[in-house]
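Below: one structure, written as structure tokens.
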Amino acid sequence: MNDNDINNKLRHDAQLREAVWRHEQQSSPFPTGLNERVMQEVGKSEQNRRRTRHRVGMMLALTSAAACLLLFLLPHGGSTKEAVEETKTIVETMTETKTIAKTEVMALVEEKESVDLHKSVVGKKPRKKVRKIEPAIETKPVAQEQYADTLGNHIFQSPENVLIAMKMLEECDAVIRNELQEVRNNVIDATFRVAPPSGSAILVKDISGDLDVVDRERQRIIEL
Amino acid sequence: MNPCNVLGFFVYIRVEGIRKFMERETNEFINDLRRRKPAAQRRLLADYGPMVFRLVMRMVGQTEDAEEVYQDVFVKALTRISSFDERKASLATWLSRIAYNESVNHIRSRRMDFVLIDDNEMETAVEDIPSVNHDNEQVVLLLEQAMALLPTAEQMLLSLFYYENRSLQEIAYITDSKPTTIGSRLSRIRKKLYGLIQQFSEQ
């Protein structure tokens, strides 16, 4: 018996069909408001989906922006070469300027020497021995040497590294200045307490934070 | 020219026209569902909701559980409508399949008893239906009583076949089974029902 035979045999059972129909009529009625609840659920899941998509989009955009920023800021193969070329050009220009300056100085010296010689000839003075000035020797560019920082990054690797190094130097300078100021203030304060210069002398701190002993009557700073 | 042939031709044209119109309508409806249009979603719930609820109710038994599963079915169907392939099954069959799977998952999560349709069952054709010496109305009443004693899976199969008028292929798609298995299963259920009403009459 194949599928069709079974199907036909089953389908033609009118009594069973009627029984199933009656059985189905007894089942629970469809609950009211159920479809509205489903629509609300679907709306919620739709909102969640949109929110998730928005979040993912934002994260992707941020990641791309961060990646672009990193690519732009971090030195890579191409930019290192460019930076070295840039540094070379600067050093070469500096060397050229130096050579030109040397040549000019030499020319001036020679001129002066010749004037002196002329004077000596007129005055029958013994001829001075003219010092032979050697032509300017081209120096090797200094900047080609790489100065590495504590982390091993070359300072002249890129303009950004030079900027960072300069900023760090400025910060160091400020720290040293503050330390010196503090030491100086401590010394002045201690000296003033141990041996005050006069009765009208007072300790005054100026805008920059420096302590000074001022004579109130004369309105002058007293050097301790 | 035979007037019957002419009439037949016009009837054919008319029926074909209606069929094409219905097909176009269904395609537009599915496209609207894919575009997540609320009007289409409401129509889907109104048109297919009772059928899905009946199936779920038949399987899980309790109204509260059936409502929960029903919500899950439609949320799943409406969010995954893009995966619906009209060449594989109709929208009703696809929804029934989701409903069946969700109900089975619910039953399993509640550790309730449910007999799954097994393809490895002996596919034996059942020929010998016991003869019943009752009138038609009495047989129907007895069959109805006997149906209440069947497991939920068997009641669901009978409902799909006799009430929803689904083919064996469609039921096989819904239950992820083989049409032959479904046929054998239905034959066995029928035999069981007639056996039960014979027992009732003997008592």
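Taken across the stretch B:137-151, residues that are charged (D, E, K, R), on the phi < 0 side of the Ramachandran plot and within 8 Å of chain A (Cβ to nearest Cβ) do occur, with at least one present.
Being of a type in the set (S, T, N, Q), modelled with pLDDT under 80 and more than 30 Å from B:SER184 (Cα to Cα) narrows it down to one of A:SER45, A:SER79, so name that one.
Details: A:SER45 fails: modelled with pLDDT under 80.
Sole residue among the options that is of a type in the set (S, T, N, Q), modelled with pLDDT under 80 and more than 30 Å from B:SER184 (Cα to Cα): A:SER79.
Filtering the stretch A:4-12 for residues that are modelled with pLDDT of 85 or more and surrounded by fewer than 17 Cβ atoms within 10 Å (Cβ to Cβ) leaves an empty set.
Do any helices (runs of 4 or more DSSP H) entirely within the stretch B:34-144 hold 3 or more residues that are modelled with pLDDT of 90 or more and of a type in the set (Asp, Glu), and if so, which?
Details: elements: B:38-60, B:63-79, B:91-109.
Hits in the stretch B:34-144: B:63-79.
Reported count of residues in the stretch B:155-177, each being assigned to a loop (DSSP other than H, G, I, E, B), facing chain A (nearest Cβ under 10 Å) and in contact with a Ser or Thr (Cβ under 9 Å, 6 or more places away or on another chain), is 1. Considering B:ILE13, B:ILE18, B:ILE81, B:ILE30, the condition of being assigned by TED's automatic domain parsing to the domain that holds B:SER103, over 24 Å from B:ASN105 (Cβ atoms) and within 21 Å of the chain's Cα centre (by Cα) is satisfied by B:ILE30 alone.
Residue count for the stretch A:22-62 under the criterion of being facing another protein chain (nearest Cβ under 10 Å) and more than 24 Å from B:LEU45 (Cβ to Cβ): the result is 2.
Looking across the stretch B:59-77, the residues that are of a type outside the set (A, V, I, L, M) and within 7 Å of chain A (Cβ to nearest Cβ) come down to B:THR63, B:GLU67, B:TYR70, B:GLN71, B:PHE74.
The values are calculated or read from the model by the stated rules, or taken from the named source; none is laboratory data. What you see is a predicted model, and the numbers here were worked out from it, not measured in a lab. In this analysis, Cβ positions are derived from the backbone assuming ideal geometry, glycine residues included, and neighbour counts consider all displayed protein chains.
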